Amino acid sequence: ILSGLVGSEMCIRDSKKTIDDAVVVLDKLVYTEQGKAIMQEFKQARGKYVASFGMVGKLVADNRKEEARQMMLAETLPALDVVQSIVARLTAVQKKMVEQRGTVAAGHIDAAIQMMMVLGVLAAVGGIALAYWITHSITRPLHEAVKIAQTVAAGDLTSVCLLYTSPSPRDQRG
């Protein structure tokens, strides 16, 4: 029985250390005034619970089990209920903040999608306009040359041929 009690005490001590470390981390992460106030309330309530739980452990170790049971029911469990209700409030505050941030993020995502769609349409329209301009700049002189060739083929040698000069004589007209 004594070895089981020592093992339980070690387990409780380890759990308390883990929770203490988690509270330190959580305390650094909570940054709103409301959250800080709740954390302060949590620390105080947890302190009362831990003290009561420690007293119950001492009473059990002293083989005063009935007193331990009465203290557990009258003080320790109600203190635990207070701690749990505070944790629930902190959770609700954090959940509300996450939902608000999620709504803001969703708005940013929607705006980015709209911007990408507008830029995509503008790029497509610009690409079509550029393709039309390039195609027209190539085919217009060719159409004029075909007209002149047809006129000459019809026997009219009075057609005037305007030459378009380009900076590079290597294009299709050069």
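The values are calculated or read from the model by the stated rules, or taken from the named source; none is laboratory data. These figures come from a predicted structure and were not determined experimentally. For neighbour counting, all protein chains shown are included, and Cβ atoms are generated from backbone atoms with ideal geometry for every residue, glycine included. Note: accessible area is taken over every heavy atom of the protein model, side chains too, but ligands, DNA and RNA are not part of it. Shrake-Rupley method; radii C 1.70, N 1.55, O 1.52, S 1.80 Å.
How large, in percent, is the carbon and sulfur part of the accessible surface of segment 1-138 at a probe radius of 1.4 Å?
That fraction is 69 percent.
Output the direction-averaged projected area (hull surface divided by four) of the convex hull of the alpha-carbon atoms of segment 1-75, in nm².
Projected area, direction-averaged: 5.5 nm².
With an 8 Å Cα cut-off and a minimum separation of 6 or more residues, compute the relative contact order for the chain in percent.
After rounding, I find 14 percent.
Can you tell me the length gained on complete extension of the stretch ILE138 to ALA106, counting 0.36 nm per residue apart and subtracting the Cα distance?
Result for the pair: 6.8 nm of gain on full extension.
Which order, highest average first, do 88-95, 11-18 follow once you tally other Cβ atoms within 10 Å for each residue and take the mean per peptide?
88-95, 11-18
Kindly express, to the nearest 10 degrees and within the range 0 to 90, the angle between helix 33-61's C-alpha long axis and the longest C-alpha principal axis of the chain.
30 degrees
Roughly what angle does helix 77-153 make with the longest principal axis of the chain, taking Cα atoms, 0 to 90 degrees, to the nearest 10?
Once rounded, the angle reads 10 degrees.
Highest mean first, what order results for 106-114, 27-35 on Cβ atoms within 10 Å?
Ranking, from highest mean packing down: 27-35, 106-114.
Stokes-Einstein at 4 °C, 1.567 mPa s, Kirkwood radius from Cα pairs: D for segment 102-158 in µm² s⁻¹?
85 µm²/s
Apply the Debye scattering formula to the chain, with a single equal point scatterer on each alpha-carbon and no solvent, then give log10 I(q)/I(0) at q = 0.17, 0.20 Å⁻¹.
-1.12, -1.28
In square angstrom, what is the accessible area per residue of segment 92-145 with a 1.4 angstrom probe?
81 Å²
How far is helix 2-29 tilted, in degrees, relative to the longest principal axis of the Cα atoms in the chain, given as a value from 0 to 90 rounded to the nearest 10?
Rounded to the nearest ten degrees, it is 40.
Measuring from label point to label point, each 7 Å out along Cα→Cβ, what is the LYS58 to ASP21 span in nm?
A separation of 2.8 nm, rounded to one decimal place.
Ranked highest first by the average count of other Cβ atoms within 10 Å around their residues, in what order do 117-125, 48-56, 135-143 fall?
48-56, 135-143, 117-125
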